[in-house]
Amino acid sequence: LAAGRGKRLAPYTDTVPKPMVEVGGAPLLRHILDRLQAVEIREVYLVVHYLAEKIEAYFGDGSSIGMPLGYIHQESPTGGTANALLLAESFVGDAPFMMCWGDILTHASEYRRVRDRFGEGDCDAAMIVNYVEDASPGGAVYKEADGRVTRIVEKAPTGTQTTHWNNGGIFVFSPGAFEFLRRTPVSPRGEREIPGAIQLMVDEGRAVYAVEMRHERMDLTRPEDVPRVDRILRRHEA
């Protein structure tokens, strides 16, 4: 999902969309696609909106990076992430699929671990979670000892959640997830959000499992994140 503007990341996003902000010598999205290639993802569909032409000009049809790329232009990035993901339903068809936020990056092994967890065949979705001191402002994930998700709370008031596990932004879904995305209720923020679809799956007895992240989660939210992520990527490549 690469449609948002990233207003909080200004001035970096004044001239490029957030996934195209350069860190570690390349746009963030290039690093994400490299990691997807490393875990045998062979075709990617990008949901775009803000300055979409910058993404398309850089990557084209994906031949330059050896990965076929398709694009869908979201008419408006408002309405929520569930609406954005529904745009990919015809691309996905009847196959399981991996989905990533376009502003989050981690080690390639984490993408493999969530893919392999889904591949065990006993769940309808698998997701990465990362440890934080306060999961309230993000996506607070409650899970059992074996990893089965029991509850997910999106953007609660600071300090109101008792879990330290946060939605890490990398998922693998069965194609049946689209049924739940279509029925996702509108959140208190006026949006239909993917965590709401996951909670609906949990409420109706579908198995969703969390995989605990072992490496650092790198996200671009505010200007100070850019030099931090740049340093991490360059250190790992050194």
**Request:** Name the most mobile residue of THR13, THR106, THR160, meaning the one with the largest mean-square fluctuation, in a Gaussian network model of the chain with Cα contacts below 10 Å.
**Result:** THR160
**Item:** Positive dipole terminus of the chain, leading residue within SER64, HIS236, LEU33 (C-beta point charges)
**Value:** HIS236
**Asked** Gaussian network model of the chain, Cα springs within a sub-10 Å range: biggest mean-square fluctuation belongs to which of GLU120, GLU179, GLU56?
**Response** GLU120
**Message:** What lysines does LYS18 reach when the alpha-carbon gap must be under 27 Å and sequence neighbours fewer than 8 apart in one chain are set aside?
**Reply:** LYS7, LYS54, LYS155
**Prompt:** Dipole of region 132-204 (Lys/Arg Cβ +1, Asp/Glu Cβ -1, origin at the Cα centre): which of PHE171, PRO157, THR184 lies farthest to the positive side?
**Reply:** THR184
**Request:** Might you report the magnitude of the Cβ-based charge dipole of region 91-182 about its Cα centre, with Lys and Arg at +1 and Asp and Glu at -1, to the nearest 20 debye?
**Result:** 80
**222 nm mean residue ellipticity, helices alone, for the chain (DSSP H n ≥ 4; -39,500 (n - 2.57); rounded to 500)** = -8000 deg cm²/dmol
**Asked** Can you list the HN-Hα couplings for region 46-55, worked out from phi with the Karplus curve (6.51, -1.76, 1.60; θ = phi - 60°), rounded to whole Hz and with x for Gly and Pro?
**Response** 10, 8, 10, 7, 5, 6, 4, 4, 5, 5
**Request:** Would you calculate the separation in nanometres between label points at THR158 and ARG222, each defined as 7 Å from the Cα along the Cα-to-beta-carbon direction?
**Result:** 0.9
**Asked** Under the Karplus relation 6.51 cos²θ - 1.76 cosθ + 1.60, θ = phi - 60°, what is the ordered set of whole-Hz ³J(HN,Hα) values for region 11-23, x standing for Gly and Pro?
**Response** x, 4, 9, 5, 10, 9, x, 3, x, 9, 5, 7, 9
**Of GLY93, GLY119, GLY62, the one that fluctuates the most in a GNM where the chain has Cα springs shorter than 10 Å** = GLY93
**Asked** So which trypsin sites (Lys or Arg not before Pro) in region 1-107 pass both tests, a DSSP loop state and at most 13 other Cβ atoms within 10 Å of the Cβ?
**Response** ARG42
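Laboratory data are not the source of any read-out in this text; all were calculated from the coordinates shown. Computed from a predicted model, the values in this text were never measured in an experiment. Ideal geometry is used to build each Cβ from the backbone, glycine not excepted, and the neighbour counts take in all protein chains shown.
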